[in-house]
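The values are calculated or read from the model by the stated rules, or taken from the named source; none is laboratory data. All figures in this text were calculated on a predicted structure; none of them were measured in a lab. Cβ sites come from the backbone with ideal geometry, for glycine too, and all protein chains shown count toward neighbours. With ligands, DNA and RNA removed, areas are computed over all heavy atoms of the protein, side chains included. Shrake-Rupley method; radii C 1.70, N 1.55, O 1.52, S 1.80 Å.
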Amino acid sequence: MSRHQVLTLISMASVNFCSMICYSILGPFFPNEAEKKGVSQTVIGLIFGCYALCNLVASLILGKYIVQIGPKFMLTSGLFVSSVCTILFGLLDRCHRTTPFIIMCFLIRSIDAIGFSAAMTSSFAVIAKVFPSNIATVMGSLEVFTGLGLIMGPPMGGLLYQSFGYEVPFMALGCFVLLMVPFNMCILPHLEATPANDSFVRLFIHPKVLLLCFVIFTLSSGLGFIDATLAIFAVAKFNLSAGYVGLLLLGVSLPYCLSSPLLGVVSDKFPSVRKWLVVLGGLGTAVGFCLLGPTPILHIPRQLWLFVFMLTIIGFSLGLTGIPIFPEIINCAYENGFEEGLSTLGLVSGLFGAVWSTGTFFGPTFGGFVTQRLSFEWASSIEGGIGFVAVICFYYVFIYPSYLTPRALRVTGITCERDPLLGHAPKDSDTVTTMNGYHHF
């Protein structure tokens, strides 16, 4: 790698690590702390969900104007905002009344989401710009640092909370992230780019991009659901402390962290297997959530080892599905006439972040509501059902057409990747060419 690429890689690794450790620190103890102040399970889910909602809006805006703002400034300012909000969140324990506590939680989490969105949107776009031929490999390698953030956040937060109280985890982490701001200002290279006139709507309405976004939604929805509900369920059903709940979350992050580099290499070296990675990952996620409770329909006894094993399956399946999707959305954009450059990469990165945030808003909000009305077991079963729907749709659009004859494709009305979206029906020769050249998913 060139010096420019090495410095970019170091910078992106620090951003992934800091952003994820800030995101994951709340899981082991905040839901129980909020319950002590009289906050309901539904409102706790909304507090987690508002982070994703603001992230959604910010991702779309920042992705559209990344060239005008500048990726370096967007990234460093995002880290600064996130660090300050993390420190302020540690002071919320001093709000003894329920209503002010809830209001400040929503306000600080919303501003923190904007900073997180700025850092991650610029990070994805810069990776794709600097490493255009190895996007999945680089993203998979950087997900090691994402995984480290997810791994260290929950147990570190839980242990610091158990040892020193509510404020110390946020103060320590906020100061650490603040140190990363001048570090990234010094090492991140400056990128020049020209603005383009493409839009999110044109990218999003493409059928295959739309389905890929639905798959992303199912992944982030499941993770958001775990963040908001797992701590209370584990404490109530297995009598675990906050520190052990943090260790439980390693079941999700550790398999994801360890498998992502290899999955990234496989995705780049063998593009034809990407569709099967997504299918296997989707099935694993669906089964994992259905057995996490486990679902009441199966009448399986609740056991701690099964709970941990299903979290492990979910973590590994997240890597199988998530790593190949980002480069495929980029491919779809270029194949549909989007200009190659930072502007398009910003749109794709913003769309990815927005859809991911939609899922992380839906997961805690809907999951918290269903958990409160029914049970954790039913809520996790519904999450698994959504995953099954996504896998079936993905298989029908991306894999099933490759087993059909050209005539059957016309009869069923399935459009191949290189068929025209408007105008005349495809000829036999066009369809044969498409089938022979079918390599993206």
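Mind telling me which of the residues Ile114, Ile108 ends up being modelled with pLDDT of 85 or more, among the aliphatic types (A, V, I, L, M), surrounded by fewer than 24 Cβ atoms within 10 Å (Cβ to Cβ) and closer than 20 Å to Ser349 by Cα?
None of the others qualify; the one that does is Ile114.
This table checks each residue for (1) among the hydrophobic types (A, V, I, L, M, F, W, C); (2) within 29 Å of Ile325 (Cα to Cα); (3) free of Cβ contacts under 8 Å to residues at least 60 places away in the same chain.
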residue: Phe131; (1), (2), (3): yes, yes, no
residue: Ala136; (1), (2), (3): yes, yes, no
residue: Ser141; (1), (2), (3): no, yes, no
residue: Thr146; (1), (2), (3): no, yes, no
residue: Gly149; (1), (2), (3): no, yes, no
residue: Pro154; (1), (2), (3): no, yes, no
residue: Gly158; (1), (2), (3): no, no, no
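Determine whether the stretch 215-234 contains at least one residue that is out of contact with any Asp or Glu (no Cβ under 8 Å at 6 or more places or on another chain), outside any helix (DSSP H, G or I) and closer than 16 Å to Thr312 by Cβ.
No - not one qualifying residue is present in the stretch 215-234.
Is it fair to say Thr344 is of a type in the set (S, T, N, Q), out of contact with any Lys or Arg (no Cβ under 9 Å at 6 or more places or on another chain), assigned to a helix (DSSP H, G or I) and modelled with pLDDT of 85 or more?
When the stated conditions are applied, Thr344 does not pass them.
Take the conditions open to solvent by less than 20 Å² (accessible area, probe 1.4 Å) and either among the β-branched types (Val, Ile, Thr) or in contact with a Pro (Cβ under 9 Å, 6 or more places away or on another chain) (or both) and apply them to Leu219. Does it pass?
no
Please list, ordered by first then second residue, the pairs with beta carbon atoms under 6 Å, 6 or more apart or interchain, first in the stretch 257-277 and in contact (Cβ under 8 Å) with a residue 60 or more places away in the chain and within 14 Å of Gly140 (Cα to Cα), second part of a helix (DSSP H, G or I) and of a type in the set (S, T, N, Q).
If the second residue must be part of a helix (DSSP H, G or I) and of a type in the set (S, T, N, Q), the pairs left are Pro261/Ser141; Gly264/Thr137; Val265/Thr137; Asp268/Thr137; Arg274/Ser267.
Quick test for you: out of Gly368, Gly385, Gly363, pick the one residue that is open to solvent by 10 Å² or more (accessible area, probe 1.4 Å), under 24 Å from Gln303 (Cα atoms) and either among the small types (Gly, Ala, Ser) or assigned to a helix (DSSP H, G or I) (or both).
Answer to the check: Gly385.
If the requirement is being of a type in the set (A, V, I, L, M, F, W, C) and under 19 Å from the mean Cα position of the chain (by Cα), which of these qualifies: Leu91, Leu79?
Result of the check over Leu91, Leu79: Leu79.
With the requirement that a residue be in a helix (DSSP H, G or I) and open to solvent by 60 Å² or more (accessible area, probe 1.4 Å), what does the stretch 81-105 give you?
The answer is Leu88, Arg94, Thr99, Ile103, Met104.
Which residue out of Leu311, Leu318 is of a type outside the set (Ser, Thr, Tyr), assigned to a helix (DSSP H, G or I) and open to solvent by less than 10 Å² (accessible area, probe 1.4 Å)?
Step by step, each of Leu311, Leu318 is checked, and only Leu311 is of a type outside the set (Ser, Thr, Tyr), assigned to a helix (DSSP H, G or I) and open to solvent by less than 10 Å² (accessible area, probe 1.4 Å).
Go through the residues of the stretch 244-257 one by one and say whether even a single one is open to solvent by less than 30 Å² (accessible area, probe 1.4 Å) and of a type in the set (Phe, Trp, Tyr).
Residues of the stretch 244-257 open to solvent by less than 30 Å² (accessible area, probe 1.4 Å): 245-246, 248-249, 251-253, 255-257.
Of the ones still in play, those that are also of a type in the set (Phe, Trp, Tyr) are 256.
Yes - at least one qualifying residue is present in the stretch 244-257.
Going by the conditions given, is Gly341 touching a residue at least 60 places away in the same chain (Cβ under 8 Å), touching a Ser or Thr at 6+ places or on another chain (Cβ under 7 Å), closer than 30 Å to Ile61 by Cα and surrounded by fewer than 20 Cβ atoms within 10 Å (Cβ to Cβ)?
yes
Report every pair of residues separated by at least 6 positions or lying on different chains whose Cβ atoms are under 6 Å apart, first residue within the stretch 288-317 and closer than 21 Å to Ser220 by Cβ, second hydroxyl-bearing (Ser, Thr, Tyr) and surrounded by 13 or more Cβ atoms within 10 Å (Cβ to Cβ).
Listed by first residue and then by second, the contacts come to Phe289/Ser380; Cys290/Ser381; Leu292/Ser380; Gly293/Ser380; Ile314/Thr285; Gly315/Tyr256; Phe316/Ser259; Ser317/Thr285.
Tell me the residue from Leu9, Leu62 that is out of contact with any Leu (no Cβ under 7 Å at 6 or more places or on another chain), in contact (Cβ under 8 Å) with a residue 12 or more places away in the chain, surrounded by fewer than 21 Cβ atoms within 10 Å (Cβ to Cβ) and assigned to a helix (DSSP H, G or I), please.
Going through Leu9, Leu62 in turn, the sole match is Leu9.
With respect to Leu230, determine if the residue is open to solvent by 30 Å² or more (accessible area, probe 1.4 Å), in contact (Cβ under 8 Å) with a residue 40 or more places away in the chain and hydrophobic (A, V, I, L, M, F, W, C). Lay out the reasoning, then the answer.
On the way: open to solvent by 30 Å² or more (accessible area, probe 1.4 Å): no; in contact (Cβ under 8 Å) with a residue 40 or more places away in the chain: yes; hydrophobic (A, V, I, L, M, F, W, C): yes.
In short, no.
Can you name the residue in the stretch 274-326 that is of a type in the set (Ser, Thr, Tyr) and within 25 Å of Ser241 (Cα to Cα) and is also modelled with the highest pLDDT among such residues? I'd like the intermediate steps shown before the answer.
Taking the stretch 274-326 and keeping what is of a type in the set (Ser, Thr, Tyr), we get 285, 295, 312, 317, 321.
If we keep only those that are within 25 Å of Ser241 (Cα to Cα) as well, we get 295, 312.
Values: Thr295: 83, Thr312: 88.
Looking at residues that are of a type in the set (Ser, Thr, Tyr) and within 25 Å of Ser241 (Cα to Cα), I get Thr312.
Any idea which of (1) under 16 Å from the mean Cα position of the chain (by Cα); (2) crowded, with 22+ Cβ neighbours inside 10 Å; (3) modelled with pLDDT under 85; (4) not acidic (Asp, Glu) is the one Pro154 doesn't satisfy?
For Pro154, the failing item is (1).
Residues that are of a type in the set (Val, Ile, Thr): list the helices (runs of 4 or more DSSP H) wholly contained in the stretch 235-301 that include at least 3 such residues.
So the answer is 250-269, 274-292.
Picking from Gly45, Gly49, Gly38, which residue would you name as being closer than 30 Å to Ser241 by Cα and open to solvent by 40 Å² or more (accessible area, probe 1.4 Å)? Lay out the reasoning, then the answer.
Details: Gly45 fails: open to solvent by 40 Å² or more (accessible area, probe 1.4 Å); Gly49 fails: open to solvent by 40 Å² or more (accessible area, probe 1.4 Å).
Testing whether each residue is closer than 30 Å to Ser241 by Cα and open to solvent by 40 Å² or more (accessible area, probe 1.4 Å) leaves just Gly38.
Go through the stretch 117-148 and report how many residues are within 12 Å of Gly264 (Cβ to Cβ), at pLDDT below 80 and outside any helix (DSSP H, G or I).
1
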